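Each remark here refers to the structure printed beneath this line.
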Amino acid sequence: MIKEIATRRSIRKYNGKPVEDEKIMQLIESARLAPSGSNTQPWNFIIIRSEETKEKIAKADGNQMWMKDAPVFIVCVADIRCRIKDETELSFDEESSARELKQIIRDTAIAIEHILLEAESIGLSSCWTAYFVQDDIRPILDIPRDKYVVGVVTIGYSDEKGKQAPRRALESMIRYEKW
């Protein structure tokens with residue numbers, strides 16, 4: 001797996017070749033198998049192929065129009081109802097401080113990373129984006145206010161090589177026993 005971890009890049013240019021449904025399902029299966037706190041599995045995924053919807057999402061996501069070139073978007077949504085079961089009305093956004101919200105974001109982020117690595121392993125390219133606010137992206141997809149969009153992953157076949165971003169030296173990030 002270290003090969004996929006080392007070679008994965010955030011790709012922003014796609015060649016337009018359609019992505020096979022089986023490969024998309026394989027990506028979602030990899031996410032489904034991710035670990036989560038108390039096995040809550042808070043993630044849900046919306047597969048987007050519509051050009052019109054992709055354009056709306058790209059505009060909401062920081063006006064990143066390069067995104068539209070990807071044949072598929074996977075919108076990754078965390079559901080707090082796996083942790084808060086009561087019937088009270090809930091609403092979350094970037095300013096919310098609920099501990100449970102942090103937990104579902106963490107768990108969904110693990111599932112997203114599984115998608116990115118699986119994409120690399122099966123010859124697809126990807127980019128995780130999150131330059132949006134909840135109030136802009138949720139209405140596009142009719143996502144309720146008690147759900148939290150963690151990221152949008154663009155998926156396709158690369159039309160660029162992608163550059164390795166500089167990485168810190170291993171020794172600079174390791175501590176033993178204490179800070």
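If I filter the range 35-54 down to residues being assigned to a strand (DSSP E or B) and of a type outside the set (A, V, I, L, M), which single residue comes out as surrounded by the fewest Cβ atoms within 10 Å (Cβ to Cβ)?
This residue is Asn44.
Among the residues of the range 75-97, which ones are part of a loop (DSSP other than H, G, I, E, B), open to solvent by less than 60 Å² (accessible area, probe 1.4 Å) and within 15 Å of Ala130 (Cα to Cα)?
Matches in the range 75-97: Asp93 only.
Restricting attention to the range 7-18, does a residue exist that is open to solvent by less than 80 Å² (accessible area, probe 1.4 Å) and in a strand (DSSP E or B)?
Taking every residue of the range 7-18 in turn, at least one turns out to be open to solvent by less than 80 Å² (accessible area, probe 1.4 Å) and in a strand (DSSP E or B).
If a residue must be under 19 Å from Ala111 (Cβ atoms) and acidic (Asp, Glu), how many such residues does the range 23-60 contain?
So the answer is 1.
Has the range 55-65 got at least one residue that is surrounded by fewer than 16 Cβ atoms within 10 Å (Cβ to Cβ), at pLDDT 95 or above, in contact with a helix residue (DSSP H, G or I) (Cβ under 6 Å, 6 or more places away or on another chain) and in a helix (DSSP H, G or I)?
yes
Tell me which of these Glu113 doesn't satisfy, since it passes every other one: (1) at pLDDT 95 or above; (2) open to solvent by less than 50 Å² (accessible area, probe 1.4 Å); (3) under 26 Å from Asn39 (Cα atoms).
Among (1) at pLDDT 95 or above; (2) open to solvent by less than 50 Å² (accessible area, probe 1.4 Å); (3) under 26 Å from Asn39 (Cα atoms), Glu113 violates only (2).
Identify the single condition in (1) assigned to a loop (DSSP other than H, G, I, E, B); (2) open to solvent by 50 Å² or more (accessible area, probe 1.4 Å); (3) touching a strand residue (DSSP E or B) at 6+ places or on another chain (Cβ under 8 Å) that Gly162 does not satisfy, given that it satisfies every other one.
Going through the list (1) assigned to a loop (DSSP other than H, G, I, E, B); (2) open to solvent by 50 Å² or more (accessible area, probe 1.4 Å); (3) touching a strand residue (DSSP E or B) at 6+ places or on another chain (Cβ under 8 Å), Gly162 breaks only (2).
Among the residues of the range 142-151, are any open to solvent by 20 Å² or more (accessible area, probe 1.4 Å), at pLDDT 95 or above, hydroxyl-bearing (Ser, Thr, Tyr) and within 12 Å of the chain's Cα centre (by Cα)?
yes
The values are calculated or read from the model by the stated rules, or taken from the named source; none is laboratory data. The structure displayed is predicted, hence computed values, not measured ones. Cβ coordinates were reconstructed from backbone atoms using ideal geometry, including for glycine residues, and neighbour counts include every protein chain displayed. Surface areas here come from the heavy atoms of the whole protein model, side chains and all, with no ligands, DNA or RNA. Shrake-Rupley method; radii C 1.70, N 1.55, O 1.52, S 1.80 Å.
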